[in-house]
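Notes for the one structure printed next.
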Amino acid sequence: MFFTLLFVTFALSIAVSFGVVKTFDKPIAAIFNRIIKDEISKTWEKYIKFAAYVVGISGGVRIYQLERYISAPHKDTEVLILNSERWTLEVYRTIIETLQSLAWMYLVVFVFSLVAYVIVKGFELKHSSNGKKTD
């Protein structure tokens, strides 16, 4: 049962991560194309996708929590039994924690992107105002 749970949480984390990555694929591409304006923006997009999968899967598959089903956490306690209620909780927890991990990652990406956008916009305004003064 443990290996089935491990496989299910892994597969579920991949599926949820895939959905989130697809949802944010175009916005991330637009942001990087606007900020970087070079071919390297495609590389950054690929890196963000890779990071999203890593963060989503590692957030959804919580090995430490799953260890409770194969060994007792303390000397005087028993190993938890995988029944249908625990399966439901583990599946729910996997989905929520995958989404939570990805939400934090994308929040950090968007905050840094916003700062970069403000800097780029400031340089553009400075260069456009300098161009008008010299004419």
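The values are calculated or read from the model by the stated rules, or taken from the named source; none is laboratory data. Quick caveat: nothing in here was measured; it's all calculated off a predicted structure. Cβ coordinates were reconstructed from backbone atoms using ideal geometry, including for glycine residues, and neighbour counts include every protein chain displayed.
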* Of the residues that sit in the range 53-85 and are in a loop (DSSP other than H, G, I, E, B) and aliphatic (A, V, I, L, M), which one is nearest to E97 (Cα to Cα)? -> V61
* **Total residues in the range 88-99, condition touching a helix residue (DSSP H, G or I) at 6+ places or on another chain (Cβ under 7 Å) and either under 16 Å from L6 (Cβ atoms) or of a type in the set (F, W, Y) (or both)** => 6
* **Residue pairs meeting the criteria (Cβ under 7 Å; at least 6 apart or on separate chains; first under 20 Å from V115 (Cα atoms), in the range 31-57; second of a type in the set (V, I, T) and crowded, with 18+ Cβ neighbours inside 10 Å)** => E45/I28; I48/I28; I48/V109
* To do: Kindly provide the set of residues from the range 90-117 that are at pLDDT below 90 and among the aliphatic types (A, V, I, L, M), ordered by number.
  => A116
* List the pairs whose first member sits in the range 1-29 and is under 21 Å from R93 (Cα atoms) and among the hydroxyl-bearing types (S, T, Y), whose second member is outside any helix (DSSP H, G or I) and modelled with pLDDT under 95, and whose Cβ atoms are under 7 Å apart, counting only residues at least 6 apart or on separate chains? -> T9/V61; S13/V61
* **Single unsatisfied condition, A116 versus (1) exposed (fewer than 12 other Cβ atoms within 10 Å of the Cβ); (2) more than 19 Å from F50 (Cβ to Cβ)** => (1)
